[in-house]
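Data first, discussion second: the structure below is written as structure tokens.
Computed from the coordinates by the stated procedures, all read-outs in this text should not be read as laboratory data. Bear in mind the structure is a predicted one, so any value in this text is a computation, not a measurement. Methodologically, a virtual Cβ is constructed for each residue, glycine included, from the backbone with ideal geometry; neighbour enumeration extends over all protein chains shown.
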Amino acid sequence: MTQRLTPGTAAMLVVPPMLWAGNAVVGRLVHDLIPPLTLNFIRWVLAFLILLPLAHGVLHRDSPLWPHWRRYALLGLLGVGLYNALQYMALQTSTPINATLVGSSMPIWMLAVGALFFKAPVTRRQLAGAFLSMCGVLLVLSRGEWSQLLALRLVPGDLFMVLATISWAFYSWMLSGTREPAAIRGDWAAFLMAQMVFGLAWSGSFAGLEWAAGRTHIAWGWPLAAALAFIAVGPAVLAYRFWGVGVQRAGPALASFFVNLTPLFAALLSAAFLGDRPQLFHGLAFALIVGGIVVSSRR
């Protein structure tokens, strides 16, 4: 499904990669302070409390959520329970830039999942856009020197990130459906809360298994509290809000190309907070990634 990309939709789809880049950096910073599955569970507990005043009606006995509980349970598993848990597990052994770069294979997985499971046709423009965007990602990875790619070494975290990306591809294609009750689909907070109800059950179960395995150490303090506040408000509530609306407007295949902006934003965040100055290859990578978005979005 190739749909028209308006400036407003494009701006909406730029926000999640910015927040996801920050999420990767923060997840790596606190990987010694809290187990990854516990981090994911606490993040969604906080997000649930933030949304509760806005969408508590979803939890009522007569809510239209319950007749469709199977669909929302699956959305909660893919988008809340699995994707973020796998990402935080990836950041135990992988760097933020490596994790976001592996995650930038999203357009390829999105096209494959759409073609194999949702009968979505793949156009030549989409393939060309995927190629351009991946060139931009590789340019960031190599820091402008292609010989650096030969020195790339994958770690177990990279495999976790691949699984997370596949989970997100299925989640995004399910978002493009129109089977939600109007009372839920028309209210962004209710739509996210409907997924979060079941996502909390999934993520809580995963965290319980982690504690049963003996990973119970949590170093409480201001650094961890600040990290939890950021990932609950930004990458959880706001990013899901913008991504959900963007996918519904532009379609999952086109929206997936915006994920390739995440490594670029990760590099910019490093420049802002770590003192690394932007290089020429950052600008070239941005041009390639945006070029892939433009090519794939044209009819």
Can you compute the helix-only [θ] at 222 nm over the chain? Use -39500 (n - 2.57) per DSSP H run of at least 4 residues, normalise by all residues, nearest 500 deg cm²/dmol. -22000 deg cm²/dmol
Give the distance, in whole Å, between the Cα centre of segment 109-124 and the Cα centre of segment 1-77. 24
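Sorted from fewest to most neighbouring beta carbons within 10 Å, what does the list Val14, Val259 look like? Please list the in-between numbers first.
Values: Val14 15, Val259 28.
In order of increasing Cβ crowding within 10 Å: Val14, Val259.
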Provide Arg124, Arg215 in ascending order of the number of other Cβ atoms located within 10 Å of each residue's Cβ, fewest first. Arg124, Arg215
Could you let me know the centre-to-centre spacing of segment 156-176 and segment 180-217, using Cα atoms, in angstrom? 16
Charges at C-beta only: +1 for Lys and Arg, -1 for Asp and Glu. How large is the resulting dipole of the chain about its Cα centre, in Debye rounded to 20? 780
Trp173, Trp168 arranged by Cβ crowding within 10 Å, fewest neighbours leading: Trp173, Trp168
